[in-house]
1. Just name the residue that is surrounded by the most Cβ atoms within 10 Å (Cβ to Cβ) out of those in the range 55-70 that are small (G, A, S) and within 16 Å of S90 (Cβ to Cβ).
2. Looking at Q12, Q33, which is the one that is modelled with pLDDT of 50 or more and open to solvent by 50 Å² or more (accessible area, probe 1.4 Å)?
3. Select from the range 118-138 the residues that are of a type outside the set (A, V, I, L, M) and crowded, with 17+ Cβ neighbours inside 10 Å and write down the one among them that is farthest from T51 (Cα to Cα).
4. Mind counting the residues in the range 91-117 that are crowded, with 21+ Cβ neighbours inside 10 Å and either closer than 15 Å to L137 by Cβ or not aliphatic (A, V, I, L, M) (or both)?
Amino acid sequence: MAPVAVPVSPQQSHIVSLKESVVTSTTTPAESQVQGAHLVIGSPATAQDGTYQAAIVSAGEVEKQMADRILDEATTLAENKYANVTVVLSTGDYETFAPRVAELLKLIFPALVPSGTITLTNLSTETHASISPEITLNGYIALPGPASTITAQKPAYSATTSFSLKKKSTTTTPIWSTTPSEPSSSSSTPAPPASVPLRKLAKGDKSSKKP
């Protein structure tokens, strides 16, 4: 039996394309090499249009949070826990959160394990251009990806890590230490014995008188 074409409205087509974009962007090559949990961050708008649920289903076992709860500090993300964080917002969300996107990136950064990745989906050309500088400013390394997403990685090392380098000793040798050493006491001439003061004879001492 020949397949039957099912008409799709423009709105349904838009939702399907968003879901496909989320599905293809929730798993990155870096994620398979890093151990950690997967967090999907959504919004009421993406929960309503189905893209948030699509990201959760495609990622498998994940933790779920809402962007506004993180920004309002109603919830705190555990440090060094997530191998991947997927941010699923709508175009309207990015306009609403535009002044706070940098703050969201800053709050997510410590929650990622070293080499963990963050993926922001459903980006317009303008949103992509405005968010891209914030990626590097907040310590991430930008990774290549589709124009509708931004994928970035937390460095494998912490930017605050300090390295202890042992400096070579610069202590100068005293000049007198370079002069020839004096002969040891064993080879030198013995010193004469100390003189012992003679006892003064008391006046009237018989031993001092001649016989």
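The values are calculated or read from the model by the stated rules, or taken from the named source; none is laboratory data. These figures come from a predicted structure and were not determined experimentally. Methodologically, a virtual Cβ is constructed for each residue, glycine included, from the backbone with ideal geometry; neighbour enumeration extends over all protein chains shown. Just the protein is used for accessible areas: all its heavy atoms, side chains included, with ligands, DNA and RNA removed. Shrake-Rupley method; radii C 1.70, N 1.55, O 1.52, S 1.80 Å.
1. As a first pass, look at the range 55-70 and keep what is small (G, A, S): 55, 58-60, 67.
Of the ones still in play, those that are also within 16 Å of S90 (Cβ to Cβ) are 55, 67.
Details: A55: 28, A67: 23.
Restricting to residues being small (G, A, S) and within 16 Å of S90 (Cβ to Cβ), the top hit is A55.
2. Working: Q12 fails: modelled with pLDDT of 50 or more.
Going through Q12, Q33 in turn, the sole match is Q33.
3. Initial filter on the range 118-138 (of a type outside the set (A, V, I, L, M)): 119, 121-122, 124-128, 130, 132-134, 136, 138.
Now drop any that are not crowded, with 17+ Cβ neighbours inside 10 Å, which leaves 119, 121-122, 127, 134, 138.
Numbers: T119: 14, T121: 10, N122: 10, T127: 18, E134: 24, N138: 26 Å.
Only one residue tops the list, namely N138.
4. The initial filter retains those residues of the range 91-117 that are crowded, with 21+ Cβ neighbours inside 10 Å, namely 93-94, 101, 104-105, 108, 111-112, 116-117.
Then drop every residue that is not either closer than 15 Å to L137 by Cβ or not aliphatic (A, V, I, L, M) (or both), which leaves 93-94, 101, 104-105, 108, 116-117.
Going through the range 91-117 one residue at a time, the tally reaches 8.
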